[in-house]
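The values are calculated or read from the model by the stated rules, or taken from the named source; none is laboratory data. Here the structure is a predicted model, which is why all the values come from computation and not from measurement. Because the Cβ atoms are built from the backbone with ideal geometry, glycine has one as well, and the counts that use them run over all protein chains shown.
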Amino acid sequence: MVQIWKCVLAVGLVLSLGSAAAAQDRPRVVAVHQALADFAERLVGDATEVVFPVPAGVDASFWRPSIADISMIQSADLILLNGAGFATWIDRVSLPRSRLVNTSRAFEDRYIVTESITHSHGDGGEHAHEGIASYTWLDPSLAIAQAEAIAAAIVARELAAAEDVEARLDAFRSELTDLDATAQDALSGAQDVAMIATHPRYQYFAQRYSLSITSLEWEAGAMPSDDQITALGNLAKERDARVLIWEARPPPEAIEAAEALGLRSVIFEPWANDGTHYTFIEAYETAVSDISDAVSHSSN
Amino acid sequence: MDGAVIRAMALTAAAALAPVGAGAHQLVVFASVDCEAVTVEAKFSNGKVTQQGDVRVLDGANNLLTTLPLDSDGTAVVPLDSVDHAGGLVVEVDTGSHDNYWIVTPEDIARNCGS
């Protein structure tokens, strides 16, 4: 009996070592945000590992990687960047240019320049910080372009058979096209309803569906302070806003406070980070449906 | 093309790519490495030279290895034999009003040292 158990253990050890080696041997794709990782997983198949390296709860835009993180990323077969200024860390490390893909390069001329913030600090005097809106993939037509860039890179790097990638891209493109049509339909009555977002994430979404969304700078998922609630009330009154979009679910008391100001709350996770059980498309569909419902109720 | 030219191009490109407008002056930090030293360069994204600031060099566990001042041309040189660089280095530059960092991995050092 002991002999048999030894055999079983030996076989198990060999199998586990084999699978660990296989995992290490798999090509690796690194994505700078969760949506790009989701797109890559859809397109590349199981033979390649897709890694989103940012820990849960950390803003992927402003993540500061460790040396070990960068070593891992430098050794990846493909590094998927969003472009549009997303992920500040990419300008603070050496990355292999031949394996970098800026997935929004095809539509750089469609980047949205955000309004400038004038302030002063140090001896620099008053100056303006103007930026580029980064959350391009929240416009499904741009998400399609980013998926196409990923597919082309996967094929160019020979990470999967071209015909397989093309078939997966066709299916994914079709789903995103349907998503866009669904959103166009669901939000067709929302153009005249002013909305407020707790963070400036939704510029491309708003532009795609001609929505009016004013942004705050609140911490994701946190309970706003009394001052923030007061400012929200003033802004809601000024804009005649009736919908509040949160990028992460806040405490129930926050939603109640917004409700008291006449604002219906909607959670719309932009999928830059972990934190949802849905796929990008399911999360997007849910958010669009919830916004549509909020708009309908606010009009009653 | 020598290392100085490559460094200048990289720093200029990083400054140009920084997602800020004409009025902004983010601090851009770049570090290059050879077998002897890490050369740190810092400038503002509007092209202005960073004339003073502190350079902090840390290891992978965020232990401070050394601190040195920026020269008036916005550069600093960290001899590799002055720090334990086996696990890579994090170079932070702090001007008092702006700060930024650059990460040097063990692979960067090995690659640029010809091994």
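Does region A:103-115 hold any residues that are buried (at least 16 other Cβ atoms within 10 Å of the Cβ) and either at pLDDT below 95 or more than 10 Å from chain B (Cβ to nearest Cβ) (or both), and which are they?
Across region A:103-115, the qualifying residues are A:Thr103, A:Ser104, A:Phe107, A:Ile112, A:Thr114.
Grab the strands (runs of 3 or more DSSP E) fully contained in region B:26-115, keeping just those with 3 or more residues being free of Cβ contacts under 8 Å to residues at least 60 places away in the same chain and buried (at least 16 other Cβ atoms within 10 Å of the Cβ).
Because the criterion is at least 3 residues that are free of Cβ contacts under 8 Å to residues at least 60 places away in the same chain and buried (at least 16 other Cβ atoms within 10 Å of the Cβ), the strands (runs of 3 or more DSSP E) in region B:26-115 that meet it are B:37-44, B:54-58, B:75-79, B:89-94.
What number of residues in region A:56-82 are under 15 Å from A:His33 (Cα atoms), more than 10 Å from every other protein chain (Cβ to nearest Cβ) and in contact (Cβ under 8 Å) with a residue 40 or more places away in the chain?
11
Does at least one position in region A:167-190 carry a residue that is more than 14 Å from chain B (Cβ to nearest Cβ) and in contact with an Asp or Glu (Cβ under 6 Å, 6 or more places away or on another chain)?
Looking for residues that are more than 14 Å from chain B (Cβ to nearest Cβ) and in contact with an Asp or Glu (Cβ under 6 Å, 6 or more places away or on another chain), one finds none in region A:167-190, hence no.
Per-residue answers, yes or no, for (1) at pLDDT below 95; (2) of a type in the set (A, V, I, L, M, F, W, C):
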position: A:Gly18; (1), (2): yes, no
position: A:Pro27; (1), (2): no, no
position: A:Val30; (1), (2): no, yes
position: A:Gly45; (1), (2): yes, no
position: A:Ala56; (1), (2): yes, yes
position: A:Ser61; (1), (2): yes, no
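To keep it simple, each residue is scored yes or no on (1) surrounded by fewer than 17 Cβ atoms within 10 Å (Cβ to Cβ); (2) in contact with a strand residue (DSSP E or B) (Cβ under 9 Å, 6 or more places away or on another chain); (3) modelled with pLDDT under 95; (4) under 18 Å from A:Val29 (Cα atoms).
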| site | (1), (2), (3), (4) |
| --- | --- |
| A:Gly125 | yes, no, yes, no |
| A:Ala128 | yes, yes, yes, no |
| A:Ser141 | yes, no, no, no |
| A:Ala149 | no, yes, no, yes |
| A:Leu159 | no, yes, no, yes |
| A:Glu163 | yes, no, no, no |
| A:Ala167 | yes, no, no, no |
| A:Ala171 | yes, no, no, no |
